[in-house]
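The values are calculated or read from the model by the stated rules, or taken from the named source; none is laboratory data. Not measured: the values here are computed from a predicted model. Cβ coordinates were reconstructed from backbone atoms using ideal geometry, including for glycine residues, and neighbour counts include every protein chain displayed. Accessible surface areas use protein heavy atoms only, side chains included; no ligands, DNA or RNA. Shrake-Rupley method; radii C 1.70, N 1.55, O 1.52, S 1.80 Å.
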Amino acid sequence: QVQFVESGGGLVQPGGSLRLSCVASTSIFSFYVMGWYRQPPGKQREFVASVMNGGYTNYADDVKGRFTVSRDNAKKTLSLQMDSLKPEDTAVYYCNSVPWRADYWGQGIQVTVSS
């Protein structure tokens, strides 16, 4: 069973940038679509972005134009470049397959956008 480990989060000021990484314990090539999700404080987990094998990407409306998702199957890694961060981007961020599987959720990584 695959395990995902997220990293790269932290505290950043509004307008700043962060790059999240997610490393899988096994090959991610078999996951046709991989995605990032987030859970803001007091809210449900929500979709952020996804990327297919071959590179086609999809984004939630509120991150479109600010976030960039990518994958490197050889390195078993999924990445999320987050620019122009806003306070409402504050959340715990997770990677998972698309559609997600309950047994694939990792610990997630905290991102806090605050001045």
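A 1.4 Å probe, protein heavy atoms only, puts the accessible area of Lys64 near 120 Å².
Relative to one another, the C-alpha centroids of segment 10-27 and segment 47-115 are positioned 8 Å apart.
When Rg and Dmax are taken over the Cα atoms of segment 8-98, they come to 12.7, 37 Å. Our compactness index for segment 48-115, the C-alpha radius of gyration over the empirical 2.2 N^0.38 Å, is 1.15. Putting +1 on Lys and Arg Cβ atoms and -1 on Asp and Glu Cβ atoms, find which of Val113, Asn73, Val12 reaches farthest to the positive end of the dipole of the chain. Working it through, the farthest residue towards the positive pole turns out to be Asn73. Projected label points at Thr68 and Thr26, each 7 Å from Cα along the beta carbon direction, are separated by 3.2 nanometres. Equivalent-ellipsoid semi-axes for segment 7-59 (Cα gyration tensor, √(5λ), whole Å, largest first): 23, 14, 12. Per-residue surface analysis assigns Tyr32 an accessible area of about 140 Å², computed on protein heavy atoms at 1.4 Å probe radius.
How much length, in nm to one decimal, is gained on full extension between Thr112 and Met52, taken as 0.36 nm per residue of separation minus their Cα-Cα distance? The partial results should precede the final answer.
Working: separation 60, 0.36 × 60 = 21.60 nm, distance 2.75 nm.
18.8 nm is the gain from fully extending Thr112 to Met52.
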